[in-house]
Amino acid sequence: MVPKNQKLRLGDILVRQGLISDMQLKSALESQKKTRQRLGDYLIDAGILSDRDIAHALHTQLGIEIVELRGIDIPRDVLSLVNGAILRKHNVLPIAFDGASRNGLVLVMSDPLDMVAQDDISIITNCFIEPRVSTAREINAVLDRYFGKGETLSAAEQFTKEKAIKDHDSQAVVEEEALEVSSAPIVQIVRSVIEQAVRCRASDIHIDALEKQLRVRYRIDGVLIEKMVYDLALLPALSARIKILGGMDISEKRKPQDGRITVTVDRSEYDIRVSILPSYFGEKIVMRLADKTALTKSKAELGMRKDELVRFDHILSNPNGILLVTGPTGSGKSTTLYTALAELNSEAVNIITVEDPVEASIPGINQIQVNPKAELTFATALRSILRQDPDIIMIGEIRDFETASIAVQASITGHLVVSTLHTNSAAATVTRLMDMGIESYLLADSLVGIIAQRLVRKLCPHCKKARIATPQEKLLLGKSSTAETIIYGPAGCPMCAETGYFGRIGVYEIMEITPELKRIIATKGNSGAIQSTAITEGMKTLHMSAINYVLDGTTSITEMMRVSFDE
């Protein structure tokens, strides 16, 4: 079955829905002729609409049902009807038979007006097509789940066969490696590993050389999960391919190397920082994925509670001073800083950043990347920045006395400085800066706020299980042993890939520097005195914030312990 209104074109639907104007449609159609893309693809690539906008427009106008694909379980007999390569070609997904006679097939499509795709699948399956709509990203993620592993394994087997033939025919030479990596199977494996990582929401890809195997793991929601295992013979070619993409030296295998790759997956651009380190059984490769748009969130998306947002806004309203965001690597510090900058960004202010590296591009902000080879360090860049008439300065990280000293001087002379530091709590940040050599009276004068943060995994709302807390858990939660306290734990279901968790949320400790705290800092008070005073003035510690998330069912007690074990 095809849509009743099949003659209606996507452009007309989007204009009718008020999502684009006639002028935008005309301009898009002209540009589309040059790029030879489908109209929907062009509008998404140009940033005019999102894939979700187009899906909803098609649903409303054509009456085609939108399908939520996350966690869907497709019967094996339905999946076996069509080859995975054909499904990828048309970006479609059969999910069920329609009707008792099984002569109808429910087909999820990113473009339900694509009659060629419907006809192809209908001929292959000998079924009538009943279209449903979803986004290309969601369809690809499910295709990865069912076909991704098989596709990369078959590519790996093909590469191994080709290599065996080559080794048999002639003795391989080192110079051949550069040519070897351009072979289709290796290119396909690297691309597939990156694409699947993106669709799994991974933040990092780890490729480990074990004694006899090559292991690929993804860090999802802060936890490493093994995804694939290959023959160790694949490593040299895999490493060489990644080195070529990252602009590194493929002949160097004894020294650590760093590189950078930019890829486009599902029409979103990703920046990948690559680190290669020689290990006992071969090179270990770690790739850190960063969506160029993901770092610039709205304040509401950070996960701060209402009282925390009020404190955050109040700190940002200071015309000068230092705001520090602290926490370990991967705790969301950069996201918080970029959100603060996006909030402060306007035509009336001159914002300059010094970063290592620049993690996301923000329109209207001057961003500088440090380059030690050109003697452009945080300290030298900061000295030059101060002659550029800045209003707000962002320093990627305060690493030494020189950088800290310039930051303090800049804040005292009328600039708002925002930066990060690696400490365990807000109070410990003050003593760390004193240990670096910053005078306590200057610190008291310059600091306006410190935010310590962590990320905790959120329990999957579809499968989390309620239970009564044990006496030991009640003690950790600060509850009376006689009170009946309900908490939640992970269970596991298809919606969360059987992990029990889906997504992460920030846990914050926001310390606004009040006159009383300034007095304690100026008199070189220790971190205990600073923390107890801040608590009496309304600050919630990381432990207190995490307790709230446990009690309202957002996260589990094990996640709470992971982020606040030191309290």
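What the table shows:
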| read-out | value |
| --- | --- |
| Diffusion constant of the chain at 10 °C, which comes from Stokes-Einstein with the Kirkwood Cα-pair radius and 1.306 mPa s, µm²/s | 59 |
| Square roots of five times the Cα gyration tensor eigenvalues for the range 197-305, Å | 28, 16, 12 |
| Per residue solvent-accessible surface (Å²) - the chain, probe of 1.4 Å | 48 |
| The chain: angle of helix 149-169 to the longest principal axis, Cα-based, in degrees nearest 10 | 80 |
| Förster-model FRET efficiency, 35 Å R0, GLU68 and ILE48, C-beta, rounded to 0.05 | 0.90 |
| Three-way shape call for the range 9-150 based on the alpha-carbon gyration tensor, with the a/c threshold at 1.5 | prolate |
| Cβ charges +1 (Lys, Arg) and -1 (Asp, Glu), total dipole of the chain, debye | 740 |
| For the range 504-567: Kirkwood Rh in Å [reciprocal of mean 1/r, alpha carbons] | 12.9 |
| Residue among ASN548, GLY11, PRO390 farthest towards the positive dipole end of the chain, charges placed on Cβ | ASN548 |
| Value of [θ]222 nm, deg cm²/dmol, for the chain, DSSP H segments ≥ 4, -39500 (n - 2.57) each, nearest 500 | -11500 deg cm²/dmol |
| P(r) weight above 16 Å for the range 261-316, C-alpha pairs, percent | 64 |
| Inter-label distance, nm, simple model (7 Å from Cα along the C-beta direction), VAL358/LYS26 | 3.6 |
| Ranking by accessible area, most exposed first, for MET115, MET228, MET544 with a 1.4 Å probe | MET544, MET115, MET228 |
| Whole-angstrom Cα spans of the range 301-413 along principal axes, big to small | 44, 31, 28 |
| Carbon and sulfur %, accessible surface of the chain computed with the full protein complex present, 1.4 Å | 52 |
| Principal-axis tilt of helix 22-35 within the chain, Cα atoms, nearest 10 degrees | 70 |
| List TYR280, TYR230, TYR42, TYR146, ordered by accessible area with a 1.4 Å probe, largest first | TYR280, TYR146, TYR42, TYR230 |
| Given charges at Cβ of Lys, Arg, Asp, Glu: the chain dipole, positive-most of SER440, VAL223, ALA426 | VAL223 |
| Unit charges on C-beta of K, R, D, E only; dipole of the range 291-422, Debye | 140 |
| C-alpha long axis of helix 333-344 to longest principal axis of the chain, angle in ° | 80 |
| For the range 390-548, size of Cβ-based charge dipole, Lys and Arg +1, Asp and Glu -1, in debye | 840 |
| Selection from PRO319, SER275, THR339, by position along the positive dipole direction of the range 252-405 (Cβ) | SER275 |
| 10 Å-binned pair-distance histogram of the range 345-395 (Cα, whole percent) | 27, 55, 17, 1 |
| Label-to-label distance, nm, for residues given as ARG36 and ARG254 (7 Å Cα→Cβ offset) | 4.8 |
| The chain: antiparallel DSSP beta bridges as a percent of all, rounded to 5 | 65 |
| At q = 0.13, 0.15 Å⁻¹, base-10 log of I(q)/I(0) for the range 434-567 (Debye sum, equal scatterers on each alpha carbon) | -0.66, -0.78 |
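The values are calculated or read from the model by the stated rules, or taken from the named source; none is laboratory data. Predicted model, so just to flag it, every value in this text is computed and none were measured. Don't worry about glycine lacking a Cβ; one is built from the backbone with ideal geometry, like all the others, and counts go over all protein chains shown. What goes into the accessible areas is simple: the full protein's heavy atoms, side chains included, and nothing from ligands, DNA or RNA. Shrake-Rupley method; radii C 1.70, N 1.55, O 1.52, S 1.80 Å.
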